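**Q** Take this structure, written in C-alpha cells, and hold onto it; I'll ask about it next.
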Amino acid sequence: MDSQLDERKKKILKAIIRTYMETGEPVGSRTISKYADLNVSSATIRNEMSDLTDMGYIIQPHTSAGRIPSDKGYRLYVDELMIEKENEINEIRQLMIEKTDKMEKVLKNVARLLASNTNYAAMVSVPQYSGSRIKFIQLSRVNTTQLVAVVVSDNNVVRNQIIDLEEEMDDETILKLNLLLNTNLNGVPIQDINLGMIARLKEQAGMHSAVVAMVLDAVAATIQVDEDDLQIYTSGATNIFKYPELADTSKASELISAFEEKKELAHLVKEHMADTGENGISVYIGDEMPVQTMKDCSVVTATYELGSGMRGTIGIIGPKRMDYESVVDSLKSLKVQLDGLVEGTREKGG
C-alpha cells in the first residue's frame, strides 16, 4: 500500500469509486464535495484528486474533466473492503456465538416476535455445532481385552468409546488401525461419512472390522444433538387456550408442561434436525408429531444457520387448522434474517 495514501485520500478514492459504480460517469470534484463525512473544500478535493491521479489510483479520460478508478484504485478499494467486512463478520460472530447472554436476548426476542405475530406458541433452540470435521482418532490399549477410541472433531468435541475385544490385539495391529482410520478420515466432514466409506474401511480392516464399526459409532456421536444439553426459548404458550379444540383442561395442561419442561420440545428439535427437508422447513400434523403430548397440534419448524455449521431450530406450535401459509412465510423470513446475521462466513470458509 502506498505510504502517502492518508485517510483523507482513501476517503476521496472510496467516494470516487462508489459514485462511479453507481453512475458509470467520470466523477468531478464538485460531486465528491457533497459527501458529508469529508468536510473539505472543492479546491482541497481537486488537489487530492490530482495527487491520486499522479499515484495511479484514478485516471482522467481524455474527453472529460472527471476521473474514473484505475485497476490499482479498484484493488485498494476491494482490499480495504475485505478487511472491513472481515472485521464486521468477526464482530457479529463474536456477538452471536461467544456472547451467549446477547444471543439469549436475540433468540428470546425471536420467540416473542413469532408468538405475537402468529398468535400461536413459538420456540427457538440455541444453535448447535453440526459442521464438524474429524481432527484425529486415537486408538489406545486400556487392558488386554479393551481399547479406548478417542475421537476429536475440529471444534474440539471429544468422544471416548470403550471397545471390547474378543481376543488380545498386538501393538502393531493397533498402529495399523490408527493409520487406516486417520489416513481415511482426518479432515473429512462427519456428515460426509456414508455407508460406502464405512464398508470400504471395514473391508480394509479385515478381521478387525468390528473395531472400525465401533470407532465410527463414536464418530457419529460427536454430531448427535444431546437433548439434555439443548437450550430452548419459548413464548406464547398461553395462546393455545385461544383455540377451543386445545383449551380442554387436560390437553392444555399437558401442552403447557411440555413448554415448561422443554424435554419433549428438545426431542422435537432433534427429530427436525435429523429429518429436515431441502429448504430447512418441516411440517408435522397431528399423528405425524414425534411428541405424544402434541398429537392434537400442528408444528412447523425451520432450520436457521449462524455460519460455520452452527444450526438451530425455530418452530411454531398451533392447532391443526393453523394458517400454514402465513406461518411458513413468517418462518422463511425469520430464517433469512437469522441466516443473514453472519452472512459471509460460509463464503469465507469456501
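**Q** Just flag the trypsin sites (Lys or Arg not before Pro) in region 1-53 sitting in loop per DSSP whose Cβ has no more than 16 other Cβ atoms within 10 Å.
**A** Working: sites: Arg8, Lys9, Lys10, Lys11, Lys14, Arg18, Arg30, Lys34, Arg46; in loops: Lys34.
When the trypsin sites (Lys or Arg not before Pro) of region 1-53 are filtered for loop state and at most 16 Cβ neighbours within 10 Å, Lys34 remain.
**Q** Next question, about the same structure. Please report, to two decimal places, log10 I(q)/I(0) for region 7-88 at q = 0.11, 0.12, 0.15, 0.18 Å⁻¹ as given by the Debye formula with identical point scatterers on the Cα atoms and no solvent.
**A** Per q value, in the given order, log10 I(q)/I(0) is -0.26, -0.31, -0.49, -0.70.
**Q** On to the next question. Rounded to the nearest 20 debye, what is the charge dipole size of region 134-221 about its Cα centre when +1 sits on each Lys and Arg Cβ and -1 on each Asp and Glu Cβ? Write down the numbers at each step before the final one.
**A** Details: 6 positive and 11 negative charges, 71 e Å.
Dipole about the Cα centre, nearest 20: 340 debye.
**Q** Here is a follow-up. So if each residue of separation counts as 0.36 nm, and I subtract the Cα-Cα distance between Val106 and Arg200, what length gain in nm does that give? Let's see the in-between values first.
**A** Values: separation 94, 0.36 × 94 = 33.84 nm, distance 4.51 nm.
Gain on stretching Val106 to Arg200: 29.3 nm.
**Q** Using 0.36 nm per residue of separation minus the Cα-Cα distance, give me the extension gain between Arg18 and Thr238 in nm, one decimal.
**A** So the chain would gain 74.1 nm between Arg18 and Thr238.
**Q** Please go through region 107-206 and write out the GluC sites (Glu not before Pro) that DSSP classes as loop and that have at most 16 other C-beta atoms within 10 Å. Don't jump to the answer; show the numbers that get you there.
**A** Numbers: sites: Glu166, Glu167, Glu168, Glu172, Glu203; in loops: Glu166, Glu167, Glu168.
Here the sparse-neighbourhood loop sites are Glu166, Glu167, Glu168.
**Q** Report the label-to-label distance for Glu167 and Ser326 in nanometres (one decimal), using points 7 Å from each Cα along the Cα→Cβ vector.
**A** Calculated label separation equals 7.0 nm.
**Q** I would also like to ask the following. Most exposed first by the Cβ proxy, i.e. fewest other Cβ within 10 Å, how do Thr53, Thr23 rank? Walk me through the numbers on the way to the answer.
**A** Values: Thr53 14, Thr23 11.
The order, fewest Cβ neighbours first, is Thr23, Thr53.
**Q** How much length, in nm to one decimal, is gained on full extension between Asn182 and Asn143, taken as 0.36 nm per residue of separation minus their Cα-Cα distance? Display every interim value, and only then the final one.
**A** Values: separation 39, 0.36 × 39 = 14.04 nm, distance 2.25 nm.
Full extension of this stretch gives 11.8 nm more.
**Q** With r as the distance between the Cβ atoms of Arg133 and Asp37 and R0 = 51 Å, compute the FRET efficiency 1/(1 + (r/R0)^6) and round to 0.05.
**A** Working: r = 43 Å, r/R0 = 0.85.
After rounding, the FRET efficiency stands at 0.70.
**Q** On to the next question. Need one number: nm distance between label points at Ala247 and Gln60, each 7 Å from Cα along Cα→Cβ, rounded to one decimal.
**A** 7.9
Taken together, the values in this text are just the output of simple stated rules run on the coordinates, not laboratory data. What you see is a predicted model; the values in this text were computed from it and never measured. Note: ideal-geometry Cβ built from the backbone for every residue, glycine included; neighbour counts use all protein chains shown.
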